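Have a look at the structure below before the remarks.
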Amino acid sequence: MVVAKRALPWLAASLRPNIVPTQVKISFINMLSETGLPVIEATSFVSPKWVPQMADHTEVLQGIQKFPGVSYPVLTPNLKGFQAAVAAGAKEVSIFGAASELFTKKNINCSIEESLQRFSEVMHAAGEASIPVRGYVSCVLGCPYEGKIAPAKVAEVSKKMYSMGCYEISLGDTIGVGTPGSMKEMLSAVMKEVPVRALAVHCHDTYGQALANTLVALQMGVSVVDSSVAGLGGCPYAQGASGNVATEDLVYMLHGLGIHTGVDLQKLMEAGVFICKALNRRTSSKVVQASSRL
Amino acid sequence: MGTVPSALKHCLSYQHLLKEQLWIGEPAAPPPALHPEQEFQISGLPDYVKIVEVGPRDGLQNEKVTVPTDIKIELINRLSKAGLSVIEATSFVSSKWVPQMADHTEVMRRIERHPGVQYPVLTPNLQGFHSAIAAGATEVSVFGAASESFNKMNINCSIEESIEKFEEVIKSAQNMNIPVRGYVSCALGCPYEGNIIPAKVVEVSKQLYSMGCYEISLGDTIGVGTPGSMKRMLEAVMKEIPVSALAVHCHDTYGQALANILTAIQMGVGVVDSAVAGLGGCPYAKGATGNVATEDVLYMLTGLGINTGVNLYKVMEAGNFICTALNKKTNSKVAQASFNV
């Protein structure tokens, strides 16, 4: 079984309070490219007014080495962002939906339906340019505003985004509240509407459940997992808590299960050490914590 | 995921989220009944999992600072009120080897003994066993290992020799109707030997079980195990020992503990060891974590619809108490997400 790993430097970096220098981002992505990761989400073409940490999106995309066989998708929340991304050389883009009306309202000030309409412009343009689009669905296992999210709602949004043309739907436990129980329940509902080969899971480790949740997803046939090297990116909803699951810890588990990933764990750990030094922060990866001589 | 700062103040509180996600009621409420939508997902999993709380012993023993006796007693008393049915209280080892447990007799004598709660203590030899009984212990534990090198480095004898010592303890315990729990360390890897073959784990477990231990706790001492190695090891052990007599003791040093525990319970294991606040580092990897946090285990089990009888809020409060006393950050992610850091 092959599991594709997607590293999310852009996501992680966007949640940091300090701006990461462009050259550091580029070096970081280049190091990740050497690890064997097949997909590295490079940056986000959002307005710098909203996400100043991603203001250098064009420079990053143009500055990184593009390794053959590696994809460098970028976030494009609207048509303007999409056009800027393509002009900067993007070959794959991502759009973000959510299974919660309140979350969508608070984040981008519109309803789920309206957000999908905005995305349809991006989908149309991407289709014309033969650019694959990945769809994210946030809050699949819980919402910081609405609380519990019905699996049927996740299935509904996922189905819409899939039928709009997204080649893959990444189901995100945005606040990490999910457990293997709710993961199984949600996936069972979504798998009735979207084929499992088109599904990915994006688990946050805020409550320490990420690897257990990912394991359940794998057991149900999911073979694409999102993660962030060093577990970069905290949780904006729980101060001081962690966010993304660490790629190193995920790879450790997958290799222990005999699952092929194509990723060199040693090189991955080195990339994590590099970025943590640059950010002057401790890694959130337990594998790295256990391995380094302190 | 877009900008959120201005919306944060409208977020639900962690109490609300916990209630919603896990259908956990207020502290006084009984454990949550199975939600109708959830029934399909519990097939194959035990209805009930017993948590063996090892924080006061395994946890505190492996913390850098020596904890005052009063604090230990207060911690154990708080845990007793959280619904835990087993709390490993202390260790009757020589204070020369483990100074942190030198106050074992005082701890044993002064803790509140709640009805329905067991307070096992470690007894590595006959002398320790006698002291434990004199101090009022009504259950004891012995520690074996699946690695010769680990045994040699830790207690300076072979596995065979250590089993002989335990045999004396177990015989005496049986004469007094005192139940004995057996631990097998290094079940998924050894800091000295590396890989440990499942057959070795089976051999040591079987010996302890046939000598009279009512339960065998299989320990991933250095946390190197993964769901893959956990499955292989358990498959081998379960051929020789009924699953109802097995427990898992997973360390989270490599972040694998919850995934390993999930694998074990999917295979029918119904007893899980853990430590409040994830107390106790790893003596083999400086700065790394050790025990898995009870709070995080409870969160997962409750989310799976598995009954534990334990009140998560009260365990979190006990964890908050001991971390404040030790002036350290909790290793529990549930606690980190719930309390403002």
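The values are calculated or read from the model by the stated rules, or taken from the named source; none is laboratory data. Since the structure is predicted, the reported quantities are computational estimates derived from the model, not experimental observations. No Cβ is skipped: glycine too gets one built from the backbone with ideal geometry, and neighbour counts run over all protein chains shown.
What the table below lists for this structure:
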| item | result |
| --- | --- |
| Among residues of region B:159-195, those that are outside any helix (DSSP H, G or I) and of a type in the set (A, V, I, L, M, F, W, C), counted | 8 |
| Counted residues, region B:224-244 - those being more than 7 Å from chain A (Cβ to nearest Cβ) and within 22 Å of residue A:249 (Cβ to Cβ) | 7 |
| Residue A:184, sole failed condition from (1) more than 9 Å from chain B (Cβ to nearest Cβ); (2) over 13 Å from the mean Cα position of the chain (by Cα) | (1) |
| Condition met for residue A:89 (touching a residue at least 60 places away in the same chain (Cβ under 8 Å) and either among the small types (Gly, Ala, Ser) or under 27 Å from residue A:58 (Cβ atoms) (or both)) | no |
| Per-region count, region B:301-341, residues modelled with pLDDT of 95 or more, among the polar types (S, T, N, Q) and touching a Lys or Arg at 6+ places or on another chain (Cβ under 9 Å) | 2 |
| Set B:109, B:78: member being surrounded by fewer than 16 Cβ atoms within 10 Å (Cβ to Cβ) and modelled with pLDDT of 95 or more | B:109 |
| Filtered residue count, region B:321-341, keeping only those that are assigned to a helix (DSSP H, G or I) and away from chain A (no Cβ under 14 Å) | 5 |
| Considering residues of region A:31-49 that are surrounded by 18 or more Cβ atoms within 10 Å (Cβ to Cβ) and without any contact (Cβ under 8 Å) to a residue 40 or more places away in the chain only, the residue nearest to the other protein chains (Cβ to nearest Cβ) | A:46 |
| Lone unmet requirement of (1) modelled with pLDDT under 95; (2) touching a helix residue (DSSP H, G or I) at 6+ places or on another chain (Cβ under 7 Å) for residue A:151 | (1) |
| Filter result (in contact with a strand residue (DSSP E or B) (Cβ under 6 Å, 6 or more places away or on another chain) and either at the interface with chain B (Cβ under 8 Å from one of its Cβ atoms) or within 27 Å of residue A:138 (Cα to Cα) (or both)) within region A:247-260 | A:247, A:250 |
| Every residue from region B:196-224 that is crowded, with 24+ Cβ neighbours inside 10 Å, among the hydroxyl-bearing types (Ser, Thr, Tyr) and assigned to a loop (DSSP other than H, G, I, E, B) | B:221 |
| Qualifying position, being under 17 Å from the mean Cα position of the chain (by Cα) and either free of Cβ contacts under 8 Å to residues at least 12 places away in the same chain or within 11 Å of chain A (Cβ to nearest Cβ) (or both), among B:247, B:259, B:285 | B:259 |
| Conditions (1) touching a helix residue (DSSP H, G or I) at 6+ places or on another chain (Cβ under 6 Å); (2) buried (at least 18 other Cβ atoms within 10 Å of the Cβ); (3) under 25 Å from residue A:214 (Cβ atoms); number of the one not met by residue A:115 | (3) |
| Qualifying positions in region B:262-282 - within 16 Å of residue B:228 (Cβ to Cβ), crowded, with 24+ Cβ neighbours inside 10 Å and within 10 Å of chain A (Cβ to nearest Cβ) | B:262, B:263 |
| Residue in region A:234-246 that is more than 9 Å from chain B (Cβ to nearest Cβ), buried (at least 20 other Cβ atoms within 10 Å of the Cβ), free of Cβ contacts under 8 Å to residues at least 60 places away in the same chain and closer than 25 Å to residue B:227 by Cβ present | no |
| Qualifying position, being of a type in the set (S, T, N, Q) and at the interface with chain B (Cβ under 9 Å from one of its Cβ atoms), among A:219, A:266 | A:219 |
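Here's the yes/no breakdown for (1) in contact with a Cys (Cβ under 9 Å, 6 or more places away or on another chain); (2) among the aliphatic types (A, V, I, L, M); (3) modelled with pLDDT of 95 or more; (4) under 19 Å from residue B:216 (Cα atoms):
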position	(1), (2), (3), (4)
B:132	no, yes, yes, no
B:135	no, yes, yes, no
B:138	no, no, yes, yes
B:141	yes, no, yes, yes
B:146	yes, yes, yes, yes
B:150	yes, no, no, yes
B:157	no, no, no, no
B:162	no, no, no, yes
B:165	yes, no, no, yes
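Okay, residues lined up against (1) in contact with a helix residue (DSSP H, G or I) (Cβ under 6 Å, 6 or more places away or on another chain); (2) under 14 Å from residue A:231 (Cα atoms):
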| position | (1), (2) |
| --- | --- |
| A:262 | no, no |
| A:266 | no, no |
| A:270 | no, yes |
| A:276 | yes, yes |
| A:285 | yes, yes |
| A:289 | no, yes |
